[in-house]
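These notes are about the structure you will find just below.
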Amino acid sequence: MAALPPYASTGQKIWHYAYRIICGLIFFFLIAPIIIIIPLSFNAENFFTFTPKMLALDPEGYSLKHYRDFFTNPDWQVPLWNSLKIAPVATFISVALGTLAAIGLSQPHVPFRRAIMATLISPMIVPLIISAAGMYFFYSRIGLQGTYWGVVLAHAALGIPFVIITVTATLVGFDRSLTRAAANLGAGPVRTFFKVQMPLILPGVVSGGLFAFITSFDEVVVVLFVGSAGQKTLPWQMFTGLREQISPTILAAATVLISISVVLLVTLEVLRRRSERLRGMSPG
Amino acid sequence: MTHSATTPPEQPMAALPGGEVTEGPMLAADGTPLKASLKRALRREKLRALLLISPLLIFILVAFVGPIADMLFRSVENQIVSETLPRTVAALRAEDTPEGEVPDEEVFAQLYTDLVIAEEYKIHTRLGSRLNYEMTGVSSLFRSTGRDVGRFDTDIYTDQFVEAAPALEDPANWVAWMEEEAVREALPLTADAWDEWVTLTVEENEDDPLEEDVPDFVFTTLYRDLTAGATPPDAFPDVDVSGFETVSIKALFEDSDEDWMDPQLWQLIETYSPEYTDGYFLNAVDMMNGPDGEAQFRPDDQRIYLKLFWRTMWMSMVITFSCILLGYPIAYLLSTLPLRSANVLMILVLLPFWTSLLVRTSAWKVLLQQQGVINDTLVWLGLVDNFNRLQLINNITGTVIAMTHILLPFMILPLYSVMKTIPPSYVRAAKSMGANDWTAFWRVWFPLSVPGIGAGSILVFILSIGYYITPEIVGGTEGVFISNRIAYHISSSLNWGLAAALGSILLALVLVLYWLYDRIVGIDNVKLGG
């Protein structure tokens, strides 16, 4: 599919370009719904479509009023802060426990490795509605339902598979003789971990943490059931907005979230390249 | 972590200390047999690995596996009838009422005690709504009789007892009598009713039983104990009940609501009296326990869940197929382009993958509206009449479009990682042997990419059958999945048992697929973000 050879027949040429057009359309399908949100969020009217003024590129057709609403209205600010209070703590728990377990799992001899791995990955596989239902029943029994810590624990559990997967993937390429060398030079286990192993697996840990963060930051089903009004998060607010009466401020909120994902995506890409360079796997 | 720090020196140098040639087992440096020493080292290594894993494992067991187990348990748990009406259930069992008949006075008398107590605890309405899932009208029956039961004409017993022996009016006397084992043995029903009354007063109402009147239902049970031929010891006042004016409790219930005389209601109470039930699971597959105790299908107009399961599966298949259709060309393009341009195009796949689900769902909600961008564009292009705009949302179309978009990256990424491992030389070799472009693709490339299709399809299918948010927002009433019904039963209808049963079936389905995925791809090979 790379370049068209000079001897290509007319049919091949037509197919070559037709194929590119098809792919272009599919890429358009993938990306357009997300991109189109951005200009719509600057709409000066409370509409969800382009007004004639916007199409004429008249500056009067655009405004920041939805952003003003998003950043001043407590209906949006309180959920935003709740999200920011829940996600980092949940991420910390997932990363701390997940990294430790991933190191344990990548030891050469682990009994019941498959069963343990399957259990640890299960929060990613079990449909969210089932996790949410189970947590709702169970957490109500033990008095965690409707509390901040209930939501944090639930989100930490959901983030763990991502940490496990990314960190074990980094550890696959890890050279064990490095830790032996460190021990040989007199470093204790803790010092070896922080000075030798940690810097090398750091990219995996950070990207696992980013996954865990976005899982919590983006999660709505579990928080709907496990949380109460006091833990209303940003996705929850968007969800109620979408289900009940939809206000254009949601577009501003969406644009803010898109910017966050772009930042995360770039960070991850940088980390991936750094990790590959460090491990000498590819020139990037 | 550190490997050699704690590993004993079992390495080759330990084999022959001093260079002597020894008979028997090889020895380690400290003189123990090498085999044992190695085994110990291995055991220690395993232990260390487990120690590292255990905090997380415990965490997951408590925060995740426990809840799932709780849900499975709830789908068969059925203690509400035997907890709310314990005496009635026991009496029903002892009585063995023939099919299709209403039980006699004895059972109603027990029901009276149970219901008075349940009413005080305000739990009779809960039982009513639980049984209402099986038979409409039970909820209002329990509510109305719950209101009446405190005003039943059973106070005639109270009056007659107090007239015959005024000592019976003083709760302090009761406390004294009920401490005597002989009295309790002679008047078992009364003792039980009294204990229940004391617990209720102290715990629920936080009152002192000594300051409350002895309630009617205690006197009613006392009357029944005495008519049954009980002879209380001398300490207890001797009352001759043979001349008492009586009242039929069964008739009182009938006066309160005629539905109590419905044999079907009693059949229902008996069916749901065991502590565990398959009723929720039967309900989840549109069946029920019939009057004869055999499972049977519900009437046609009440069958919804099998249809919903089928629709969930069918829509997930459509979504999976659309993802293959759209994802395959993209993955093929990405895997055949030079790495640098492929990486750039990959961002177009990863950006949606990383964008908040709610953002993508709101985008589709906005775009697909009748006054939305897509309809506006189609009208502007003249493809659709302005007064006949396409209905793209709140139906199956909306769900399929939005979910295909949301799940497409999950198809492209596994496909891409499989396709990247197919050596391009294979296709070149096929062409050099005379295959045209199509044959080279179809006979060589495509079969090699099938594992990617398998992995992607199972992944998309698993994710799609459990989806909740997107169908809830763009699906309207037709385009919803089984998950939406589960959520409805948890938060609106409060039929938790049914929600748990539906959830368990869905979970079983997903686990089978997960197992397949593990067999085909291996969970260790799950990759994130390309």
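General remarks:
- Counting the residues of region B:457-509 that are part of a loop (DSSP other than H, G, I, E, B) and polar (S, T, N, Q) gives 4.
- Listed here are the helices (runs of 4 or more DSSP H) enclosed by region B:205-321 that have at least 2 residues being under 40 Å from the mean Cα position of the chain (by Cα) and not assigned by TED's automatic domain parsing to the domain that holds B:TRP174: B:249-256, B:263-271, B:279-284.
- Residue that is nearest to A:LEU224 (Cα to Cα) [pool: residues in region A:87-106 that are within 7 Å of another protein chain (Cβ to nearest Cβ) and open to solvent by 10 Å² or more (accessible area, probe 1.4 Å)]: A:LEU97
- Residues that are at the interface with another protein chain (Cβ under 7 Å from one of its Cβ atoms) and part of a helix (DSSP H, G or I) were ranked within region B:333-344; the one that is nearest to A:SER259 (Cα to Cα) is B:LEU333.
- Test: residue in region A:117-131 that is of a type outside the set (A, V, I, L, M) and within 30 Å of A:ALA187 (Cβ to Cβ): no
- Helices (runs of 4 or more DSSP H) lying entirely in region B:48-96 (those with 1 or more residues that are under 25 Å from A:MET117 (Cβ atoms)): B:66-74
- A:THR72 satisfies every condition listed in (1) away from chain B (no Cβ under 13 Å); (2) of a type in the set (Ser, Thr, Tyr); (3) touching a helix residue (DSSP H, G or I) at 6+ places or on another chain (Cβ under 9 Å) except (3).
- Filter result for A:PHE174 (within 7 Å of chain B (Cβ to nearest Cβ) and at pLDDT below 90): no
- A single member of B:VAL214, B:VAL239 is without any contact (Cβ under 8 Å) to a residue 60 or more places away in the chain and surrounded by 12 or more Cβ atoms within 10 Å (Cβ to Cβ), and it is B:VAL214.
- Looking only at residues in region B:199-211 that are open to solvent by less than 60 Å² (accessible area, probe 1.4 Å) and touching a residue at least 12 places away in the same chain (Cβ under 8 Å), the one that is nearest to B:LEU85 (Cα to Cα) is B:LEU200.
- Of the residues examined, B:THR399 is one that is touching a Gly at 6+ places or on another chain (Cβ under 8 Å), closer than 28 Å to B:GLU472 by Cβ, polar (S, T, N, Q) and buried (at least 20 other Cβ atoms within 10 Å of the Cβ).
- Scan region A:128-156 for residues that are buried (at least 24 other Cβ atoms within 10 Å of the Cβ), more than 23 Å from B:ILE482 (Cα to Cα) and without any contact (Cβ under 8 Å) to a residue 40 or more places away in the chain and the total you get is 0.
- Within the option set B:VAL285, B:VAL349, B:VAL344, being closer than 30 Å to B:LEU413 by Cβ and open to solvent by less than 50 Å² (accessible area, probe 1.4 Å) holds for one residue only, B:VAL349.
- Selection of helices (runs of 4 or more DSSP H) fully inside region A:1-81 by the criterion of at least 3 residues being of a type in the set (A, V, I, L, M, F, W, C) returns A:10-40.
- B:ARG184 over 24 Å from B:GLU245 (Cα atoms) and assigned by TED's automatic domain parsing to the domain that holds B:ASP238: yes
The values are calculated or read from the model by the stated rules, or taken from the named source; none is laboratory data. What you see is a predicted model; the values in this text were computed from it and never measured. As a convention, Cβ positions derive from the backbone with ideal geometry for all residues, glycine included, and neighbour counts pool all protein chains shown. Quick note on the areas: whole protein, heavy atoms, side chains included, nothing else; ligands and nucleic acids left out. Shrake-Rupley method; radii C 1.70, N 1.55, O 1.52, S 1.80 Å.
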